[in-house]
Amino acid sequence: MTSTGWVIAIGYSALVLVFVTIGLIVFRSTRVGFRVKVTGREEIEKREGYWGIAVITFLVLVLAGTIFSVPYFDDNEDAPQKVTVTSRQFAFTVDPPRIDAGVETEFNVDAVDVNHAVGLYNPDNTLIKQVNVLPGVTQSFTITLNQPGSYTLRCLEFCGIDHHLMQNQLQVTR
């Protein structure tokens, strides 16, 4: 298993343990042992109010901690290189077909006819970026391609009988 797999497995295990512990605490807090005597309605409603406040506080903290990771706050206006990728059955048009390595590049991807999904593969044939495009909609993303070589664009969404032939190259030079 990869290091990422281990991190995910350990993280989920810890998360499960935390939630099981919280569940047991909640279960235990609403009962007085296993005796016949049950906690009063007012006490249960008071505890539920505390748990509601705790959950809302947790959700607000998660939102505050992750809201700036949303990609929609990126401003791509200042990317020094721009590449336009036009998708149509069964080809990509890449303009310009050659860019400089190590420079922030804005990709503008659109589709002319049907839905496409553009996959950008590095020279080692590893998928490094994927974007879905609809006809009439331009999808933009910014990426820095540091490794010189021939990058491959492949269609990742079935778009017709010759879908398997739909690919093109982008040359990245020093």
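The values are calculated or read from the model by the stated rules, or taken from the named source; none is laboratory data. Quantities reported herein were computed from a predicted structural model and do not represent experimental measurements. Note that we place each Cβ from the backbone using ideal geometry, even for glycine, and neighbour counts take in every protein chain shown.
Do any strands (runs of 3 or more DSSP E) lying entirely in the range 83-174 carry at least 1 residues that are polar (S, T, N, Q) and in contact (Cβ under 8 Å) with a residue 40 or more places away in the chain, and which ones are they? Reasoning before the result, please.
Details: elements: 91-95, 98-100, 104-111, 116-121, 127-133, 139-144, 149-155, 167-173.
Once the strands (runs of 3 or more DSSP E) in the range 83-174 are filtered for at least 1 residues that are polar (S, T, N, Q) and in contact (Cβ under 8 Å) with a residue 40 or more places away in the chain, what remains is 91-95, 104-111, 139-144, 167-173.
Among the residues of the range 70-91, write down those that are modelled with pLDDT of 90 or more and either under 12 Å from Ile143 (Cα atoms) or not assigned by TED's automatic domain parsing to the domain that holds Lys129 (or both).
Within the range 70-91, Gln81, Lys82, Val83 meet the criteria.
Within the range 92-135, how many residues are small (Gly, Ala, Ser), under 16 Å from Met166 (Cα atoms) and either loosely packed, with under 15 Cβ neighbours inside 10 Å or touching an Asp or Glu at 6+ places or on another chain (Cβ under 9 Å) (or both)? Outline the logic, then answer.
At the first step, the residues of the range 92-135 found to be small (Gly, Ala, Ser) are 101-102, 111, 117, 119.
Next cut, under 16 Å from Met166 (Cα atoms) only: 111, 117, 119.
Checking the rest, the ones that are also either loosely packed, with under 15 Cβ neighbours inside 10 Å or touching an Asp or Glu at 6+ places or on another chain (Cβ under 9 Å) (or both) come to 117.
Counting residues in the range 92-135 that are small (Gly, Ala, Ser), under 16 Å from Met166 (Cα atoms) and either loosely packed, with under 15 Cβ neighbours inside 10 Å or touching an Asp or Glu at 6+ places or on another chain (Cβ under 9 Å) (or both) gives 1.
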